[in-house]
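Written below as structure tokens is the structure these notes are about.
Just so it is clear, none of the values below were taken in a lab; they were calculated from the coordinates. Computed from a predicted model, the values in this text were never measured in an experiment. So basically every Cβ, Gly included, is an ideal-geometry build from the backbone, and we count neighbours across all protein chains shown.
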Amino acid sequence: MFLTSKRVLLTLLAAVVAITSVPATAAFDNPKARKPPRAKPHRRSAGESLPPLPLPATPLRRSERKRQPAPPALIGMVTFTGSRFVIKDGKRVSAERFPTTQIDVERLTNYANHRLGIRYRYVATTLKSFSWDPVELPLLYITGWTPMPKLSDEAIAGLRRYIYDGGTLIVHAQCGRKEFTETARREIARLFPNRQLAPVDTDSPLFRSYFRITTMRVRKGAEPFKSMPPYLEAVYVGCRPAIIFSPIDLNCGWDVERYPIEGGILYHQDDALALGVNIITCTLANLKYARAFATEKVYHQQGEKTRDELVIGQIVHDGDWDPTPHALPNLLKYIAANTTLNVQFKRDEVNLADESAFDHVALYMTGLRDFKFSPAEVARLRTYLASGGVLVADAAAGRKAFDTAFRRELKRVLPKAELKPVALTSPLFESPFKVRTADYTDAAKAARPNLNAPAMLGIYIEGSLAVIYSPWSLGNGWEQIPYAYNVGYATDDALRLGVNIFAYAVTH
């Protein structure tokens, strides 16, 4: 299994804190900065004649350089203009405001082109000249080893729009320097103050999209290499990692095995290249999803007073509670078209710590990551279920971190109950659609080739289902947005099951 257990995660976090807490020194010299980028390729075309000359002159021949047609740009490497003063050899001298290097992105781009059979390039850009259009540059890359400059409010707004429109931001700490990591976290928090930058679970496509990565070698200074689970942090927009942050040097262009960098923390070059290819693979695979996700769907009755109609309440929690925001609008439309239920096109965000849960016959929850209920939330949910309410839940994209957390937290809510498979003879699969078989996504079939029937789990209270749970994603299917890494039901069957689930919740 590629799920990070709590013990492994805590160990991993402790290791990252330890290796990224190197004391900051103004005199740190990054040898990667002394290695210039490769010269741009050119083609020399020889043997071309000059225009004919009057006889008896002998025609001359010449050779000239020709510029090769440029491949499309994939990565925009962000540079910052300006200078600052530093102390070097006891003297106050001028230096770049934010020095950076091309060594890693250059090597990674070439390696990814070779491994993936693609033809892309990286280009230098600035936040002042960039158009903020992810079609122009699907991936922006910021790397450095000195403090990251504080971005202007205009740049923050532009980056935020770029990410919402489908762009991906990679932030990478050269040599794992604390000076950079602390300031980078500050700027990421400004971009999305309400979204969590947190470790990426090891079942993420980032660690298995091309290379299956379970461990990586990391080196601190000249110390021996140590093996650890792969480590990245991310901010998610929907189900995709929209900001990917590596506090360890994602070292693609430096042979740290033979040339350790004193005061640096770097991944082994081979492991970093593999992880970099996975990042590019995910970015390319997510482009269609990311662009479609940018089209926001609204609940057109959201501002109206709740009437005697079906209004779905969605539980807010600390595990990326809303990774499929387009799901419920589509499902409500499908319910209205295929049942006689009175549907109100709105969604209530429910905090289990207050009384709003009891306003709904059914509550829905989903997520990507680990989460934990407070004691008050546990007690409130227990009372809600005992009072006849129904909890509907699914793991977004089939993510194992949420699945594990949901089972654990549900055990706190109902310690004597067990999640058990719902029999195909249950009324859940009878109305309004009779469901005996179910189609799954390619990613789900790759994990379980024999899947061909609905696999729902439930807990009964007084003869009726009080909890209906799917470890296979329903919400991604409800969204009707193609997501390559969705481990769940195919769209049509996800919608049919969703209608049956909420019809059951209302009628039972």
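Observations, loosely collected:
- Placed amide H near Tyr236: partners under 5 Å, 5+ positions off or other chain: Gln196, Ala242
- Computed label-point distance, nm, for sites Arg115 and Glu262 using a 7 Å Cα→Cβ extension: 3.3 nm
- Radius 9 Å from Cβ of Pro134, net charge of other residues (Lys, Arg +1; Asp, Glu -1): -2
- Virtual paramagnetic centre 7 Å along Cα→Cβ of Ser152, amide N under 16 Å, in the range 121-135: 126-132
- Trypsin sites (Lys or Arg not before Pro) within the range 202-286: DSSP coil, no more than 13 neighbouring Cβ in 10 Å: Arg212, Arg258
- The range 238-292 versus the range 337-402: alpha-carbon centroid distance in Å: 36 Å
- Count Lys and Arg as plus one, Asp and Glu as minus one, and take only other residues whose Cβ is under 12 Å from that of Gly389; the net charge is then +1.
- Note on the range 299-507: lysine pairs with Cα distance below 20 Å, sequence gap of 8 or more or different chains, count 11.
- Dipole magnitude of the range 299-507 about its Cα centre (Cβ charges: Lys, Arg +1; Asp, Glu -1), debye to nearest 20: 580 debye
- For the range 268-277, Karplus couplings with θ = phi - 60° (6.51, -1.76, 1.60), whole Hz, Gly/Pro x: 4, 4, 5, 5, 5, 4, 4, 5, x, 4
- Other residues with beta-carbon under 11 Å from the beta-carbon of Gln269 carry, at +1 per Lys or Arg and -1 per Asp or Glu, a net charge of -2.
- Extension gain, Glu355-Asp442: 0.36 nm per intervening residue step, less the Cα-Cα distance, totals 27.2 nm.
- Cβ-Cβ FRET estimate between Lys333 and Ala294, R0 fixed at 22 Å, reported to 0.05: 0.65
- For the range 299-507, share of DSSP beta bridges that run antiparallel, in % to the nearest 5: 35 percent
- In terms of surrounding Cβ atoms within a 10 Å radius of their Cβ, Tyr267, Tyr289, Tyr259, Tyr111 rank from fewest to most as Tyr259, Tyr111, Tyr289, Tyr267.
- Rounded to the nearest 20 debye, the dipole size of the range 244-387 about its Cα centre is 700 debye, using +1 on the Cβ of Lys and Arg and -1 on the Cβ of Asp and Glu.
- Rounded to 0.05, the FRET efficiency of the Phe211 and Arg34 pair, given R0 = 41 Å and the Cβ-Cβ distance, is 0.85.
- Inter-label distance, nm, simple model (7 Å from Cα along the C-beta direction), Lys420/Arg190: 5.6 nm
- Cβ-based charge dipole, the range 245-386, positive-most Cα from Ala272, Asn286, Pro247: Asn286
- Loop-located trypsin sites (Lys or Arg not before Pro) in the range 388-462 whose Cβ has at most 16 other Cβ within 10 Å (DSSP): Lys416, Lys434, Arg436
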